[in-house]
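Here's the structure we're looking at; comments come further down.
The values are calculated or read from the model by the stated rules, or taken from the named source; none is laboratory data. In this text the structure is predicted, and so the values were computed from the model without any measurement. Cβ: placed from backbone, ideal geometry, glycine included. Neighbour counts: every protein chain shown. SASA here: full protein model, heavy atoms, side chains in, ligands and nucleic acids out. Shrake-Rupley method; radii C 1.70, N 1.55, O 1.52, S 1.80 Å.
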Amino acid sequence: MNFNYEEIYKKYLKKKQNLVFNKEEIVTRLKQKFKAEEFSKAEILDLPRDEHFDYEKIFLCLKICDKDVLKKVFLPHELKFHEEQRQDNRRYPLKKSNRKKNWLDYNYNQMIIDEHEGRRIDIVLESKDGHHVSECKVKARCDYLDGYINALMVGAKLVHETGEYEEDINDYYFQFYLENLEKYKMLD
């Protein structure tokens, strides 16, 4: 898909103030659009060591498990990856001796398998200021959700100057944001 960044940028400037979403608005959109459900961050056992986040600032984890929603959000290359993972897991199943006896560990292992095989998408949301999403991670291969969440959270970062980049039409990351605004029809 080719994008005319000059044209998108003009639309962006007109809508800029309407593109700042607080964390509650983002969560509501994710729950409604993707049938996302909350779960405890404690279930993601490696999350306290994840350098991407300040663990104490993670305010919510969401999971998407609805089969109809998953069918709509995964792209062909992601579906191919999931099929490859299913085949690998059938050929080389997790040995009983390697399975954790603790139910939390077992559930975590199953969560990862479900993510890799396309039965689940997990989303981790952080808020450093308590009002806006400062960081997000989609714990599955899902470009659609990565782009959608980017379109929801970058506006606040730009307005509050907490982002890693500025409104520069030649900046790759800002272009990615503009592309997502256009793709998800947030500038209409």
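Give the number of residues within the stretch 43-82 that are of a type in the set (A, V, I, L, M, F, W, C), open to solvent by 20 Å² or more (accessible area, probe 1.4 Å) and free of Cβ contacts under 8 Å to residues at least 40 places away in the same chain.
1
Looking only at residues that are in a loop (DSSP other than H, G, I, E, B) and touching a strand residue (DSSP E or B) at 6+ places or on another chain (Cβ under 8 Å) in the stretch 27-51, which one is farthest from residue 171 (Cα to Cα)?
Restricting to residues being in a loop (DSSP other than H, G, I, E, B) and touching a strand residue (DSSP E or B) at 6+ places or on another chain (Cβ under 8 Å), the top hit is 40.
When the stretch 152-176 is examined, which residues are found to be open to solvent by 60 Å² or more (accessible area, probe 1.4 Å), over 17 Å from the mean Cα position of the chain (by Cα) and farther than 20 Å from residue 129 by Cβ?
Passing the criteria: 168, 170, 172.
Restricting attention to the stretch 52-70, and to residues there that are part of a helix (DSSP H, G or I) and either under 13 Å from residue 125 (Cα atoms) or modelled with pLDDT under 95 (or both), which single residue is farthest from the chain's Cα centre (by Cα)?
Ranking the qualifying residues of the stretch 52-70, first place goes to 56.
How about the stretch 138-188: which of its residues are touching a Phe, Trp or Tyr at 6+ places or on another chain (Cβ under 6 Å) and of a type in the set (Gly, Ala, Ser)?
Of everything in the stretch 138-188, just one residue is touching a Phe, Trp or Tyr at 6+ places or on another chain (Cβ under 6 Å) and of a type in the set (Gly, Ala, Ser), namely 151.
Just the residues that are closer than 24 Å to residue 129 by Cα, assigned to a helix (DSSP H, G or I) and out of contact with any helix residue (DSSP H, G or I) (no Cβ under 6 Å at 6 or more places or on another chain), please, taken from the stretch 1-26.
Once the filter is applied, which keeps residues that are closer than 24 Å to residue 129 by Cα, assigned to a helix (DSSP H, G or I) and out of contact with any helix residue (DSSP H, G or I) (no Cβ under 6 Å at 6 or more places or on another chain), the stretch 1-26 yields 15, 16, 17, 18, 23, 24, 25.
So in the stretch 6-42, with the set limited to residues that are aromatic (Phe, Trp, Tyr) and open to solvent by less than 50 Å² (accessible area, probe 1.4 Å), which one is nearest to residue 154 (Cα to Cα)?
Ranking the qualifying residues of the stretch 6-42, first place goes to 21.
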